[in-house]
Structure formats: structure tokens, C-alpha cells
Amino acid sequence: MSVVGRARALSISVVFGIVLIVGNASAQSQQGDSSGNGQSVTSADSLETIVVTAEKREATVGTTPISMTALGGNELQAEGISSLEGLVGEVPGVSIKSYGPGQSEFEMRGMTSGGGESATVGFYLDEISISPPATAQNGKVAIDPNLYDLGRVEILRGPQGTLYGSGSMGGTIKLVTNQPDLNNFSSSIQGLFSGTEGGGLNGGGNGMVNLPIFDGVFAIRLVGTDTWTSGWIDRIVLNDFPLPSLPCPGWAGCVRGNVLAAPVAADYKDVNWDHTTGGRVEALFKPTSRLSISVDVLYQNIAMGAPNYEDFPPGTEAHYQPFDVAEPFSDRFELASATINYDADWFAITSATGYWSRKQIQTVDGSEILQNVGGAPAYSAAGGLGFGAAGLTETDTTNQFSEEIRLTSNQSHPFRWIVGGFYSNYDSTTDGSFIVPGLATILGGAFGTTDFLTVHRPSGIVQTAGFGEGSYDITDKLAATVGLRYFSYNATINTVESGFVTPTHGPTPTAFSGVGSASGVNPKFNLSYQLNVDTLLYGTVAKGFRPGGGNAPVPTSGPVSCGSDLAALGLSASPLQYNPDSLWSYEAGEKAKLFGSRVSVNSAVYYEDWSNVQQNVVLGCGYHFYTNAGRAGVYGAETEISAQLSQGLTLTETASYTHATLSEAVPTIGAPKGQPLVDVPNWLESTAINYKRPIFSNVSLVARFSEDYVGPSYDEAFAFDHLPGYDIMRIRAGVAGDTWTTEIFVDNLGNKHAQIADTNSYIVNLPDLNRVATNQPRTIGIDMRYRF
């Protein structure tokens, strides 16, 4: 283990020692004290208490017996966090692979989501479940809403299958918006201006206005955003692109030519810019004290000139091309939802209805892969040699309708319960067009088409579920919770392909279809013990699952036949269906407030047994299919410590360790027993210091420093790839009045050049070329906020 690794291992050990020692001392000092009412203390010298709805009823983080992190909207603004990518670095147990805004995939506690069509982390916007595209080239990417005027973020670690259903077996991310204020007018505005080293100027702003239309009865809240971020990656077109060298079986080359020595035909600077615009309208109608109706409409559009990819080799924050093929990306998201709450005397009923649609369009340069696959002696199509320029454009259209109805007990009683039902109808369609104009002229037009491959792939899944949880106070300190969720789903996938590489070699389409269905039960068992008014101990055993689906059969004849690759696996054809995978999770944790609520320590240890793991089997022919193969074991620990060191000075330390490996060999993907799971950093650590001090009447000095460390991990492109660890530092300082704040900030203070993730796109994963997502270089700017 490296020095850094040893240091972090020691820090985790010390943290857990502090938990045991200080927690025990606190218990002894307060033993027999029954005067407390269990509510948190709020003062200038104590930590903020956030009310959450992780268990679909209001509680605080300290009284919720699960491992979770909650950050309030004011805290997000104070830390300068405007996106989920900026948030997860400060949350233990959560990793991210991001290629830019709207292209982020989340994993928790080692639950990588490379296989199958469903994510392993659930994503909620208020009460509405948001699923990522099913078959997009850039992976199972979550939406990336601007976090301005957000009420809070709740991140629930571990399987949440009982209350949040499928796709939440690693955990759940829940964004909760600010609801309209029925009684008071308010508004706010934010202006952001900055510059990126090696890039350009960034700017934009956010605004909010809250309008009480009928006092105490009806109000509207409007939120808008418009931001511009310059790029920092160049797209360089070379004149006489160098051929790869060192031929290897099945490919034209295994070592990329020296692109740094080739003549430059065009150099497009900072192509990975992004422009985000959007708005949110929320209306709240409360005709009586018992009934409330909330209607929300959200729109956001992200446009990028290119993803945050760079080529390895050479790793110079640039993409090198033989032809001038741009790679733009766009992501449009629209949501409409309605939530109705009614409080009866002894229960509350909630209905949450939502419909959303999303459309992503991306283009990937495929010119270099044709050289490698086809083995033509030159890139140019002139003289009958080479394929010429080639671009793959993919459109991913996704939409979902969902409905959840639940009843929740609302009386203070030893027995608390929640029961409900859920329905969703999800559709996701991928349309890909790989057009190669040179096919019509190469070798005298022998191929007879410009269509290398065109794909239309609609897929869908209809899910129904019934769920319930009951909690009973066995004593005034000991409580037990039992939960159960019954699920059923039907999934379909249909594929229509045409083009040169299909069995028909041309415009005549070939159609395939696959189906999948299953049903089952997911239980949960939880015991919690209130050691004293400020210390909670708990243990949880829970099952999580992810739905399976259907496969589109891979071709066994034609110019791109996969017959020999399938035969090497003992298959005559690819499977038409893959089944759900599931895990059993075992967790023990504690939550403690110490020294008059000036210190909080939340920690957990866990073990997860993941069975029938959905695996992505990539064949040598270029096609792939999903199957269930192997088991994985994951164990780890995580902790969060917050300390109010003095009035105005707060220290926050988070850390997590995750050991995630295959428990048995998986021959179908060539993985040995003990191989690490991809996209899982072994260490995550974050340190943050916040400072606020009055300097004169109604004006204070504010400052913040943070450092986020992400340990090394593995990813998979053409080959199993090691990604080194990295750390990112941020600092901001300024002055704040009662209604305004002005701060200077520096993001990526050390100007670290991190390798975040390998791209998922098979069109650019070659033996001699890997494209890696990287982070934004040092950025210096000013953040101005004003509340009316």
C-alpha cells in the first residue's frame, strides 16, 4: 500500500476509534438522563439540523437509522456547488464517471452499473423517479439539473429496494426542490464570472422569484438559469494522419502513430464548451390545512461542443483526428408532475404523478476505428484506399410515466407504518446512424452503399410494485422495522439494423427482438437502539435488485459474423434474455451528537453479497450482449465527522473505503476470481473548513477550503485499464451581508489533470487508442448573490 493509502487507512482507524471512545464517554456522561426530548439543539455554536424524508416521512438525519448524507440548499450555495458532479466529491461511498454535464453515471458502495440496461443507483427529483437511457453509448447517465434554489439533497447509501424499488440496490440520490412560500414574497439572483486556465471565460446567472397569489392559499415559484462554461480540450485535425504500428491479430495496429509529429491541418480550440439554459415553475395550492396540491414543470437544455474526452496516447488534453468530424452533444429534459397530500386524523395519503421526456444527441468520430478494423493502408479515400471521414450520430429518446400512491401513519404511536403501490411505463429508443461517404467510392464502388450501420432500437419496461414498512418501539430505546416490496416487470427490446456490416450488406433491414420478465419480493429488517438522547445505533439486513431485460441477437453470418466468438464461449447464439441481479446487504452503523451538538459523527460498516451479476460480454466482432454471470463481494466502511470548532469555524471530514471484487471467475468476460470491479475507487476522502467572522455591523468575512481525494480505480475500454487516484482542492473567500454575498473562488487550486473515466463508446475503444474523460483545469472567478 502506498504512503497515501496507509495514511487514509490510519485515518479511518482513528475515526472509528474516536467514535467508540467518545461515543462511550458521551453515553456514560448522559446515562440516566431522561430529560431530553430528542430534538436537536440549534444555536450559533451547534451544527445545523436538516429535516429529511428518506423514509418517506419527516425526520432528521440523526434519527433516521440508515447511512445517508443530507445537504441543505443554503449549504450548497455557500460551498459553490451547482451540479451533482461537484457534490459527490464530498459524500462518502459515492463514485462518479462523468464525461461532462448530463453525462454522469453514479455508483455507490461498489455497485458498478456496466452490465444490463438499468442503473444501480436510483435517482429522484422530488417524488418522481428518473431513469437514465437504456442503451446509450455514453452509459447510464443521470440528468444533471442546476442545483440553484434547491431545498436539499439526500443521498441514501445501501439498497433502498423497499421504499424506492428497482435500480436502487446501491443507493438512491434524491433532489428536493424548494416549495413555494404561501405567505411571503421573495426573490434572489446570482451572477457567476470566471476564467479557466488553458480555456476561456465562463459566465452566467440564476434567479428565483416567489409570488404569493392568494395569501396562505396559492403561490408560484419561478427559477431560471443560463450559464456558459468554456472548454479546455482542443480538437486537432492532422494532415497525413500517422498509421498505427506493431500489427496484432485482428487489428491493423496496436500502437498509435506519433500524432504529435504529424502536420496540423486545423486546430479547434476549447471545443468542449457547454451552454446550459433552463427553468422551473412550481405552483402550490393549499385550500385547507389538510389538503395541498403541488404542480411542478421543469425544462433544461444542455449543449456541448464536444465531450470532456482526451486521447491516450498522447494525453495532452486534445483529440487528434484524420478528418474534420465534430462531436457535439445535447441533452434536453422536460418534466411535469403533480403531488397531492391529504392529512386525515390518523394517516396521510400521498399521490405522486409524473411524466418526463429526455432527448440526447451525440456524434462520435469513427474514422480511426475503420482504419483499425478494416486494415486499409491509408486514411484517405482518394485512389480507392481507405474509408475516409466517418461519423456516428446517436439519438437517445427516453420518457416515463409513473404513479405512486401511499398511506403513511401520522400519529405518535409505538407502531408506525407505510403502505403503497407503484406503477411506471418506461420507453427508451436509440437511433444510430454510422454513415461513411467513402464506402460509395472505395475500390470502384464495390460496397455499393454509404451506410456502414443504421440501428433503430426501442426498448421498454413496465413495472408494478406494492410495498410496506412497519416500525414498532419495542421499548423506549429499541425499535424494529420490517419492510417488504413485491415487484413485477415486463421488458422488451426490438432492434432493426441495416447497412454494410449487417447480414443483408445494404439497405434491406434485419429485425431482432428480445423480451424479459420477472417478479419477486425484497425484504428489509432493521433494528435501532437509542443509546441516549444523542446517540443512535442500528443494524440493517436488506435485499436490493435490478431488473433484467432482453438482448438483441448478434449476427452469426455476414461480413461481421460473431459465430466464432460465440462458439468460443460455448454458445451457438446470444441469449435472448438476461435475468435480474440482486444482493443481500448487511450494515451496522451509529449516529452521535457530542459536546452539546457541536460535533456529529455518523459511521457505518457493511458487507454486500451480489449474485447473478449482470455482465456486458463484448465479442471480438464488435457486438455485445448482456448475461448473468458470477458473484461479487463488497465490504467497506464510511464515516462523516462535522465539528463546530468555535463560533463561525466548522470542520467536516468524510472518508470511505470500498473493497469490491469478483467472488468467482467469470469466463464469459475473461475475468479471474478476485478481479476488482470497474469504476470503484478504493478510497474516497474529503476535508472542508468553513469560516465566518463578523468584521463590522451586518457584514462578515466568509471563507471555505476543501480537498477531495479519489483513490485509484479500474475501468474497461478495449482492455482492463488502471486509473490513478487524484485530489482536487477548492478555495473561496469574500464578504457577506444580511441579504448579499460576494466571493472570489478558485476551483482545482492545484490545477490537477485527473483521469476520471474511460469512455463507454465502443466506437473509439481501440487497442492503440483510449479516450479518457478529464476534469476542468484551474478556474478562478467571482460569485455574487443577492436576496430581495
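The values are calculated or read from the model by the stated rules, or taken from the named source; none is laboratory data. Owing to the predicted nature of the structure, the values given are computational and were not obtained by experimental measurement. Heads up, the Cβs are rebuilt from the backbone with ideal geometry, glycines too, and the neighbour counts pull from every protein chain shown. Remember, those area values only see protein heavy atoms, side chains included, never the ligands or the DNA or RNA. Shrake-Rupley method; radii C 1.70, N 1.55, O 1.52, S 1.80 Å.
Couple of notes before you dig in:
- In this structure Thr450 has an accessible area near 60 Å², from a 1.4 Å probe over the protein heavy atoms.
- Under a model in which nothing but the beta-carbon of Lys, Arg (+1) and Asp, Glu (-1) is charged, the chain shows a dipole of about 1040 debye around its Cα centre.
- Debye log10 I(q)/I(0) at q = 0.18, 0.20, 0.22 Å⁻¹ for region 248-358, Cα point scatterers: -0.99, -1.08, -1.17
- The amide H of Ile233, built 1.01 Å from its N in the peptide plane, has Asp270, Val271, Asn272 as neighbours under 5 Å, considering only residues 5 or more places off or on other chains.
- Amide H partners (placed H, <5 Å) of Phe123, local residues excluded: Ile130, Ile173
- Hz values of 3J(HN,Hα) by residue in region 484-497 - Karplus curve (6.51, -1.76, 1.60), Gly and Pro given as x: 8, 9, 9, 10, 8, 8, 10, 10, 9, 9, 10, 10, 10, 10
- Mean residue ellipticity (222 nm) of the chain, computed from DSSP H runs ≥ 4 via -39,500 (n - 2.57), nearest 500: -2000 deg cm²/dmol
- Charge-dipole axis of region 98-207 as Lys and Arg at +1 and Asp and Glu at -1 on Cβ define it, positive-most pick from Leu175, Thr162, Phe106: Thr162
- Charged-residue dipole, Cβ positions (Lys, Arg, Asp, Glu), region 108-189 about Cα centre, Debye nearest 20: 340
- Hydrodynamic radius (Kirkwood) for the chain, which is based on Cα pairs only, to one decimal in Å: 27.8
- Dipole-positive endmost among Ala632, Ser83, Val264 within the chain (Cβ charges, Cα centre): Ala632
- Per-residue Karplus couplings for region 157-174, computed as 6.51 cos²θ - 1.76 cosθ + 1.60 with θ equal to phi - 60°, are listed in order as 9, x, x, 10, x, 6, 9, 10, x, 5, x, 10, 6, x, x, 9, 10, 10 Hz, Gly and Pro entered as x.
- Projected label points at Val264 and Asn184, each 7 Å from Cα along the beta carbon direction, are separated by 5.5 nanometres.
- Put a dot 7 Å past the Cα of Leu701, heading toward its Cβ, do the same for Asn425, and the two dots end up 6.2 nm apart.
- As a fraction of the 1.4 Å probe accessible area of the chain, surface on carbon and sulfur atoms comes out at 59 percent.
- Fraction of antiparallel bridges per DSSP, the chain only, in percent to nearest 5: 95
- If you take the alpha carbon atoms of region 660-748 and fit the smallest convex hull around them, that volume is 126 Å³ per residue.
- C-alpha long axis of helix 3-30 to longest principal axis of the chain, angle in °: 20
- His505 versus Ala59: modelled label distance in nm, points set 7 Å from Cα along the beta carbon direction: 6.6
- Rounded FRET efficiency, nearest 0.05, which uses the C-beta distance separating Ser289 from Ile361 and R0 of 41 Å: 0.30
- Karplus-derived 3J(HN,Hα) values for region 322-327, using 6.51 cos²θ - 1.76 cosθ + 1.60 with θ = phi - 60°, are x, 9, 7, 10, 6, 10 Hz; glycine and proline are entered as x.
- Global geometry of region 147-261, whether rounded, prolate or oblate, following the gyration tensor of its Cα atoms and the 1.5 cut on a/c: oblate
- Magnitude of the charge dipole, region 390-457, Cβ model with Lys/Arg +1 and Asp/Glu -1, debye to 20: 300
- Trp740/Ala568 FRET efficiency (R0 51 Å; Cβ-Cβ; nearest 0.05): 0.15
- Probing with 1.4 Å while keeping every protein chain in the model, the per residue accessible area of the chain equals 39 Å².
- Of Leu766, Gly549, Phe214, farthest towards positive along the dipole that unit charges on Lys, Arg, Asp, Glu beta carbons give the chain: Phe214
- One decimal place: the segment Asn239-Leu576 gains 116.8 nm when fully extended, by the rule 0.36 nm per residue minus the C-alpha distance.
- Across the chain, C-alpha contacts under 8 Å between residues 6 or more apart give a mean separation that, scaled by the residue count, equals a relative contact order of 12 percent.
- Put simply, when 231-237, 569-575, 331-337, 472-478 are sorted by average Cβ atoms within 10 angstrom per residue, most first, you get 231-237, 331-337, 569-575, 472-478.
- Amide H within-cut-off set for Thr441, under 5 Å, with H built and near neighbours excluded: none
- Spin-label proximity, Arg787 to region 76-93 - amide N less than 14 Å from point 7 Å beyond Cα toward beta carbon: 76-79
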